[in-house]
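The values are calculated or read from the model by the stated rules, or taken from the named source; none is laboratory data. Model, not experiment: these values are computed from the prediction. Cβ sites come from the backbone with ideal geometry, for glycine too, and all protein chains shown count toward neighbours.
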Amino acid sequence: MKIGIIGAGAVGAACLTAVVLRRFAQEVIVLDRDHKKAQGLVADVQYGATLSSGTDVRYGDYADLMDASLVMITAGVNEKTGGATDRSDPAGRLRLLDTNVDVYKDIVPKLHAAAPEALVLVVSDPPDPLADVVRMLGHEYVLSTGTYLDSLRFRFHLARRLRVNANSIEAQILGEHGTSEVFIWSARIAGTPVREMLLRSSQSWDEIRGQVEQDVRYANITIIEGIGASQHGIGMVSARIAEIVLRDEHAVIPVGSYHPRYGVTLSVPTVVGRDGPLQVLEPEMSEEEQQALQRSADTLKAAGRRISI
């Protein structure tokens, strides 16, 4: 099966590498408005791709996306360039929206003309309102990467404190991939509440919760301060989502899709397969968490009102 990646910057490169290493796609087409950039990225990756037999990597144009099953959009201004690296700024990634809406206005009509049946995976920040932009521009099939990476970061930091494998922890972050994201603290390990295990330490619950949420909520900024761009984690997550879609796995993951109840794209646990989001499995939440999820939806709706198509 064929997939496309639009954008040959740091995130696009990370997505391409992760896709090749997972070996689930037969063909990967890379596009960028700077054709030499796309050509250079493909030239770099395709030599190593000989180790992943069966994956043909090439650069092309929108016409080459015909019959693609999934197309990732990674193009747009990133957090560092767009000035979204201030931990005290409540807008966070939403500060990039206006600029990246203009980028998507150029990309989506061309993509839709070439591959109207392809599932679009929005990777650019902020992914949730940009997924709504894709819909507004007439392309029906769309997901955002949502809070999948945030949830993995949550599991990682819990696992490090509890000295267990992160894959043993069931923990979710819902809502916006951004500052209003909602931590679901009913996380468990083999049926045991994580909160009970954390409270065995000498710290208070408020201290533990505050530190974990700080580490997760601003992980992207910490990464950017070190290497200039948050790219590898989202590349791995994007490749995994694409794999779930192409293999029709019906896996349950927290990704962004449009929810009529909230009137926006946001993340809740979702069954994902070849046709994209198949079923929503909204978990049990405390009243505090339900209110936080509604506030997150309201934050996204307020951002969406700025969009002019």
Task: Sole residue being in contact with a Gly (Cβ under 8 Å, 6 or more places away or on another chain), surrounded by 16 or more Cβ atoms within 10 Å (Cβ to Cβ) and over 29 Å from Asp61 (Cβ atoms), chosen from Leu119, Leu96, Leu162, Leu149 - done: Leu149
Open item on the list: Just to be sure before I move on: is Ser69 hydroxyl-bearing (Ser, Thr, Tyr) and touching a residue at least 60 places away in the same chain (Cβ under 8 Å) in the structure I sent?
Closed with: yes
Task: Residues located in region 30-55, provided they are in contact (Cβ under 8 Å) with a residue 24 or more places away in the chain, loosely packed, with under 13 Cβ neighbours inside 10 Å and within 14 Å of Ala18 (Cα to Cα) - done: Gly48
- [ ] Test each condition in (1) among the hydroxyl-bearing types (Ser, Thr, Tyr); (2) in a helix (DSSP H, G or I); (3) within 16 Å of the chain's Cα centre (by Cα) for Thr222 and report the one that comes out false.
- [x] (3)
Task: Where Gly233 falls short, out of the listed (1) surrounded by fewer than 21 Cβ atoms within 10 Å (Cβ to Cβ); (2) outside any helix (DSSP H, G or I) - done: (2)
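Pick from Thr192, Thr265, Thr270: which is modelled with pLDDT of 95 or more, farther than 21 Å from Leu94 by Cα and of a type in the set (S, T, N, Q)?
On the way: Thr192 fails: modelled with pLDDT of 95 or more; Thr265 fails: farther than 21 Å from Leu94 by Cα.
Answer to the selection: Thr270.
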Task: Qualifying positions in region 164-185 - in a strand (DSSP E or B), over 19 Å from the mean Cα position of the chain (by Cα) and either without any contact (Cβ under 8 Å) to a residue 12 or more places away in the chain or under 15 Å from Tyr148 (Cα atoms) (or both) - done: Ile169
